[in-house]
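Participant: Provided herewith is a single structure, encoded as structure tokens, for subsequent inquiry.
Where a number appears in this text, it was derived from the coordinates with a stated rule and is not lab data. Computed from a prediction, not measured in an experiment: that's the story for all the values here. Neighbour counts run over all protein chains shown; Cβ positions are idealised from the backbone, glycine included.
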Amino acid sequence: MIELTKMNHEKFYVNPNLLEVVEITPDRLITMMSDKKYYVLESVEEIVAKVEEFYQKVYSSKGKVRVKRPE
């Protein structure tokens, strides 16, 4: 899961496997595969970095899936 921030500054977590589209509209709008949409405060670059970090952690454990728990 990756942590994102809604426009009202509420933190929430999404499964990066279910992200479909990230748009700049002029705010950042993410669309999930379920067609659920969220406006977030993070930039596109920040979202991409969080997704990359997620996959690096998952695949760096030699086949073992590591789970990062929210603090």
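Participant: What is the fewest-to-most order of Val22, Val48 by other Cβ atoms lying within 10 Å of their Cβ?
Facilitator: Val48, Val22
Participant: At a Cα cut-off below 15 Å, give the aspartates and glutamates reachable from Lys6, other chains included and same-chain residues fewer than 8 away excluded.
Facilitator: Candidates past the 8-residue exclusion: Glu23, Asp27, Glu42, Glu46.
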